[in-house]
Amino acid sequence: MVLGTSSGAGKSLMTAALCRVLKRRGETPLPFKGQNMSLNAWVDQAGGEMAYSQALQSWAAGLEPQVAMNPVLLKPRGDSTSEVIHLGRSVGTARAEHYYRDWFRPGWAAIRGGLADLQERYPGGRLVLEGAGSPVEVNLQPRDLTNLRLAQYLRARCLLVADIERGGVFAQLVGTLALLRPVERPLIGGILINRFRGRRELFDEGRTWLERHTGVPVLGVMPWLEELFPPEDSLDLLERRGRKQGAELTIAVLRLPSMSNFSDLDPLEAEPTVQLQWIRPGESLGRPDAVILPGSKQTRRDLAALQSGGLDEQLRAYGQAGGHVFGLCGGLQMLGEWLRDPQGLEGGLGDGDDSDAPLAAGENSGQGDGADQQSRGLGLLPLDTCYGGSKTLRQGRSQALWPRGSSLELEGFELHHGVSQVLEGDGSGSGAGEDGSIKPLCSQEGLGWWQPCGEQGGLVAGTYLHGVFENGPWRRRWLNQLRQRRGLTPLSEHQPHHARQRDALLERLADAFEQHVDLEPLLAG
């Protein structure tokens with residue numbers, strides 16, 4: 001098990017590295033995080049929802065992601081409540097103060113079910129567990145679902161990771177070990193210092209001090225990795241502030257308060273000629289080469305935040321002046337004329353739901369109807385979105401019909417409430433273009449649309465397909481459309497799926513892990 005002295009210590013990537021190293025040694029590593037809180041999700045082949053970080057670890061292990069690897073997923077709603085997902089399916093909402101009262105037993109049952117499923121499918125596999133946050137939050141320890149309770153249950157040997165970049169690494173480690181109960185202390189088999197800058201021999205004295213004062217061996221000192229890796233959480237994403245050498249295009253991404261599935265932007269982050277610029281509500285949009293509205297867990301609330309900060313007017317003016325706007329999932333819905341939410345599935349505009357009782361799968365906690373349950377969209381596409389029923393959760397493929405001349409195959413997954421339909425008539429919202437009609441983005445009906453905007457060559461498009469930018473040839477064709485407007489040389493469209501680049505990053509991560517970490521004390525016995 002990989003534990004951390006705090007959130008963001010690097011547990012997710014260290015677990016991924018460990019999975020790849022074990023795979024290299026001929027083992028079958030089985031990544032597992034009992035409970036994860038994240039808005040960055042993945043949909044497995046069976047249509048179940050899980051955290052993206054466990055999908056990444058699964059790819060590192062050479063396995064297909066499956067919800068058993070993350071049996072409990074909490075998706076924050078921004079009002080002290082979270083959607084609760086057990087083994088891939090939504091089972092209700094919970095308030096923070098009552099979560100362990102109402103959800104501890106069902107959560108533990110889901111965790112045991114996920115473990116049983118994995119061990120049945122891979123009887124010779126080795127579980128590689130990831131903890132959550134700190135394992136010694138004393139107010140939560142009695143009801144901890146995913147740290148030392150799980151380690152004790154499985155008799156796991158634990159690696160404790162501390163982030164030296166944050167400072168105070170000695171206090172992090174000594175304090176964490178001091179707060180362990182006597183029955184838990186023997187579980188800690190080693191310490192890993194993460195994100196060390198400079199010459200490692202400069203830490204030799206600190207390493208000796210730690211081993212002498214804690215009695216726990218320091219198994220490795222991982223260097224600061226300059227490679228761009230998929231983010232573990234939104235904090236890591238927002239810390240990417242550096243400018244790229246040689247960036248030729250600037251793409252603005254609206255930093256929504258409840259932004260979800262930000263891993264959709266990883267392939268663009270990895271493009272050497274693209275600089276992403278994060279714009280918060282209330283900030284100036286400027287004149288980027290394109291604007292992306294990402295997914296959202298609370299679509300109507302995030303839309304209201306854009307409107308209250310004036311970004312809605314800036315987006316309309318940007319499109320009319322020839323800009324390109326692209327919406328992903330919830331971002332696509334915001335681009336339309338209306339968002340109707342009679343059941344409160346996508347976040348009402350009031351104080352939120354106060355219910356904390358478990359709900360049946362697919363049930364919702366919203367109440368009320370009428371004007372409070374609908375929002376006027378940005379008006380850049382003639383779409384009407386109505387939320388209702390259960391989530392759409394599925395992987396899929398479709399042939400791209402846009403950019404023009406495109407006949408490329410797209411693959412990805414859908415994860416959304418609501419169905420969007422093109423409004424009848426000419427759809428003459430503020431985004432209606434000179435040549436009129438809205439057009440499908442791909443061959444699958446209802447998966448995406450595009451439309452000219454204004455008289456200056458503006459364009460608005462969007463899709464429900466998460467992972468659309470992972471499709472290398474299509475991504476490059478979309479970028480080349482932007483480059484052509486700037487008079488830049490086209491990029492090669494002979495690009496593999498982003499999964500290949502991601503795998504190369506995992507290989508380099510595993511190389512560094514093997515070089516700097518001695519795993520033998522943990523793997524023996």
TODO: Find how much the distance from E445 to R280 grows on full extension, using 0.36 nm per residue of separation minus their present alpha carbon separation; answer in nm with one decimal.
DONE: 56.2 nm
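Considering only DSSP beta bridges where both residues belong to the chain, give the percentage that are antiparallel (nearest 5). Please report the intermediate quantities before stating the final value.
Numbers: 44 of 86 bridges.
Given both bridge residues lie in the chain, the antiparallel proportion sits at roughly 50 percent.
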Task: Surface accessible to a 1.4 Å probe, per residue, for the residues of the range 65-184, Å² - done: 42 Å²
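Give the relative contact order (percent, whole number) for the chain; include only Cα pairs under 8 Å separated by 6+ residues. Write down the numbers at each step before the final one.
Working: 1173 pairs, mean separation 76.4, N = 525.
Here the relative contact order equals 15 percent.
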Open item on the list: Just to be sure I understand the model, the point goes 7 Å from the Cα along the line to the Cβ. What's the resulting R397 to A321 distance in nm?
Closed with: 4.3 nm
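Could you please state how large a percent of the accessible area of the chain is carbon and sulfur, counting protein chains only and using a 1.4 Å probe?
The nonpolar share, carbon plus sulfur, comes to 48 percent.
Given Cα pairs under 8 Å that are at least 6 residues apart, what percent is the relative contact order of the range 72-132?
Computed value for the range 72-132: 21 percent relative contact order.
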Open item on the list: Could you give the length gained by full extension between E205 and Y153, i.e. 0.36 nm per residue of separation minus their alpha carbon distance, to one decimal place?
Closed with: 15.2 nm
TODO: Can you tell me the 0 to 90 degree angle between the C-alpha axis of helix 299-308 and the longest principal axis of the chain, rounded to 10?
DONE: 70 degrees
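Taking Cα atoms of the range 34-122, Rg/Rh with Kirkwood Rh, to two decimals?
Numbers: Rg = 12.8 Å, Rh = 13.1 Å.
Radius of gyration relative to Kirkwood radius: 0.98.
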Open item on the list: Students often get this wrong: which residues of the range 22-51 have the backbone nitrogen under 16 Å from the point 7 angstrom along Cα-to-C-beta of R166?
Closed with: 37
Task: Prolate/oblate/rounded call for the chain, Cα gyration tensor, a/c under 1.5 rounded - done: prolate
- [ ] Compute the longest continuous run of the chain that contains no exposed trypsin sites (Lys or Arg not before Pro); treat a site as exposed when its DSSP state is not H, G, I, E or B and it has at most 15 other Cβ atoms within 10 Å.
- [x] 245-403
Open item on the list: Can you return the lysines within cross-link range of K297? Criterion is Cα-Cα under 16 Å, with same-chain partners fewer than 8 residues away left out.
Closed with: K75, K391
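Once every DSSP H run of n ≥ 4 in the chain is given -39500 (n - 2.57) and the sum is divided by its residues, what mean residue ellipticity at 222 nm do you get, rounded to the nearest 500 deg cm²/dmol? Intermediate results must be reported in sequence, preceding the final value.
Numbers: 14 runs with 147 residues, N = 525.
After summing the helix terms and dividing by the residues of the chain, the value is -8500 deg cm²/dmol.
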Open item on the list: Can you tell me, using C-alpha contacts under 8 Å and at least 6 residues apart, the relative contact order of the range 439-505 as a whole percent?
Closed with: 22 percent
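So if I place +1 on the C-beta of Lys and Arg and -1 on the C-beta of Asp and Glu, and nothing else carries charge, what would the dipole magnitude of the chain be about its Cα centre? I want it in debye, nearest 20.
Working: 55 positive and 64 negative charges, 267 e Å.
Here the chain has a charge dipole of around 1280 debye.
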Open item on the list: Using a 7 Å offset from the Cα along the Cα-to-Cβ direction at both E507 and R112, what is the distance between the two label points in nm, to one decimal?
Closed with: 4.3 nm
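Could you compute the FRET efficiency for R143 and E520, with r as their C-beta to C-beta distance and R0 at 30 Å, rounded to 0.05? If you can, show how the numbers build up before the last one.
Details: r = 35 Å, r/R0 = 1.16.
The computed FRET efficiency comes out at 0.30.
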Task: Positive dipole terminus of the range 1-155, leading residue within G107, G62, M50 (C-beta point charges) - done: G62
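The values are calculated or read from the model by the stated rules, or taken from the named source; none is laboratory data. Nothing here was measured: the structure is a model prediction, and the numbers come from that model. Counting neighbours? That spans all protein chains shown, and the Cβs are built from the backbone with ideal geometry, glycine included. We work out accessible area using only protein heavy atoms, side chains counted, and drop any ligands, DNA or RNA first. Shrake-Rupley method; radii C 1.70, N 1.55, O 1.52, S 1.80 Å.
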